[in-house]
Amino acid sequence: MEQIEISEKQAIYINEANHRWNGKVGATQCGKTYIDTLYVIPNRIEERKGKKGLNFIVGVSKETITRNVIEPLQELFGNKVVTDITSNNTCRIFGEKVYCIGADNVGRVRKFRGARIKYLYIDEVYDINEKVFELLKSRLSFEYSVCDFAGNPQHEEHWFEIFLKSDADIYLQRYTLFDNPFLPKVYVDNLCKEYVGTIYYDRYILGRACNAQGLCYKKFADNPERYGMDYQCELKIVNGKQKWVDNLPLGETIIGIDYGGTKSGQAFVCTRIAYDYTKVVTMASIRITDELDSKQLLEKQMEFIEYCKNKFHCNIDYVYPDNEESVHIRSLDNAVRERGWNTIVRGSRKYPVNDRIEAQNKMLAFGIWKYLNGECDSLIKAMKTAMWDDNKLEDTRLDDFTTDIDSMDAYEYSYERDMKRIMDAINYEEVM
């Protein structure tokens, strides 16, 4: 059997985490959950076997519980000892029934309002619903009831940080990335590189709770020229035929559109994403602050699409406008079809803004994103000035009309459907 190694900090947790509340918060990939699946969860359940009460594992969703807790347990102990989560949200661990509840569904948790809990494990504790936490907390009603938790810290006034400062019986460890001695140096170096200059460095590397403040893309604002590239294109003979050959990556060309409202503008951004997702180039951007009627707006969109087609000698594969403007989307789709263009028009996905910010910072850190010089002035200005809202406790990008959020939204709509694939490509490169 392969010898299992644990860190000094993990060994201390095993020996000293004997309070009502026991947990580890801090950096990503620092070994917090690993020691829980290796030792803590199985041991707590075994200790309470045969005693009154229910066992609970709670996380953001059933899917995250499976990925973060159940599957690692199964890798260690096998599928017979740790079963899959069934349709009634239970599994069996060492013969004991365990309820696995996603805290994204408050109603489901309320069904257990009268239950008494003997063991509770909370995964990604900062991301669960506070009402769910309070409900579960009131159910730890036996003298032997205990809860273990793990999570990555967020802002300083987060409700869970307030709980940690309370007089509850809590044993707490805070982890930095460097507390895990088993991570490959190249991985640690890449992760530090990825987050340096952002709020995520304090949270994910140093394991500190901190408020989001300052610039969202400081790495870019400090040296925007670093990410610029000149467009080069020549008409060449390829296989006996004339063809435009340029220095853009082979891939799909996508336009994102944000429709402005009161005090806001219309923004269009064109982006090329390589087929293998290892390169992203923003080719053109424009922001229009003039008031436009529906006909004028449609004309401006068509002009931008045609400009990109002609300037870069390519087809526009997709256009993703703001998904809340269904009338504008239908008008644009009809106009594109009438022109006979091989372009698909669909509403944007509008993934969470903070996910987009983190993804962009990662692309900046690994140098896979570029913009074309002379074509992207509106986006460059928007990225240089995008800021966190210091007046909000939750991480919120400032949107008070003092910065150009329209261009940021349009740009993000142009790549967000491929965001996960781009992040996966970066992570693959990290591993390699």
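What the table shows:
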| quantity | calculated |
| --- | --- |
| Residues of the stretch 37-64 satisfying the condition of being at pLDDT 95 or above and in a helix (DSSP H, G or I) | 40, 41, 42, 43, 44, 45, 46, 47 |
| Options 277, 217, 227: the member that is surrounded by 12 or more Cβ atoms within 10 Å (Cβ to Cβ) and in contact with an Asp or Glu (Cβ under 9 Å, 6 or more places away or on another chain) | 277 |
| Residue in the stretch 285-301 that is surrounded by fewer than 21 Cβ atoms within 10 Å (Cβ to Cβ) and within 24 Å of residue 359 (Cβ to Cβ) present | no |
| The one condition in (1) surrounded by 16 or more Cβ atoms within 10 Å (Cβ to Cβ); (2) touching a Ser or Thr at 6+ places or on another chain (Cβ under 8 Å) that residue 76 fails to fulfil | (1) |
| Qualifying residue in the stretch 248-270 (condition: loosely packed, with under 13 Cβ neighbours inside 10 Å and touching a strand residue (DSSP E or B) at 6+ places or on another chain (Cβ under 6 Å)) | no |
| Residues within the stretch 270-289 that are within 22 Å of the chain's Cα centre (by Cα), within 18 Å of residue 373 (Cα to Cα) and assigned to a strand (DSSP E or B), tallied | 6 |
| Unmet requirement for residue 31, which otherwise passes all of (1) surrounded by fewer than 21 Cβ atoms within 10 Å (Cβ to Cβ); (2) in contact (Cβ under 8 Å) with a residue 40 or more places away in the chain; (3) closer than 24 Å to residue 66 by Cβ | (1) |
| Hey, residue 319 assigned to a strand (DSSP E or B), of a type in the set (Val, Ile, Thr) and touching a residue at least 12 places away in the same chain (Cβ under 8 Å) or not | yes |
| Extreme residue, nearest to the chain's Cα centre (by Cα), among residues of the stretch 323-341 that are modelled with pLDDT of 95 or more and not in a helix (DSSP H, G or I) | 341 |
| Exclusive hit being surrounded by fewer than 19 Cβ atoms within 10 Å (Cβ to Cβ), in contact with a strand residue (DSSP E or B) (Cβ under 6 Å, 6 or more places away or on another chain) and either of a type outside the set (Gly, Ala, Ser) or under 24 Å from residue 225 (Cβ atoms) (or both), set 353, 345, 319, 327 | 353 |
| Residue check, residue 340 closer than 19 Å to residue 223 by Cα and either of a type in the set (Asp, Glu) or surrounded by fewer than 17 Cβ atoms within 10 Å (Cβ to Cβ) (or both) | no |
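The values are calculated or read from the model by the stated rules, or taken from the named source; none is laboratory data. Bear in mind the structure is a predicted one, so any value in this text is a computation, not a measurement. A quick note on method: Cβ atoms are made from the backbone with ideal geometry, for glycine too, and the neighbour counts reach across all protein chains shown.
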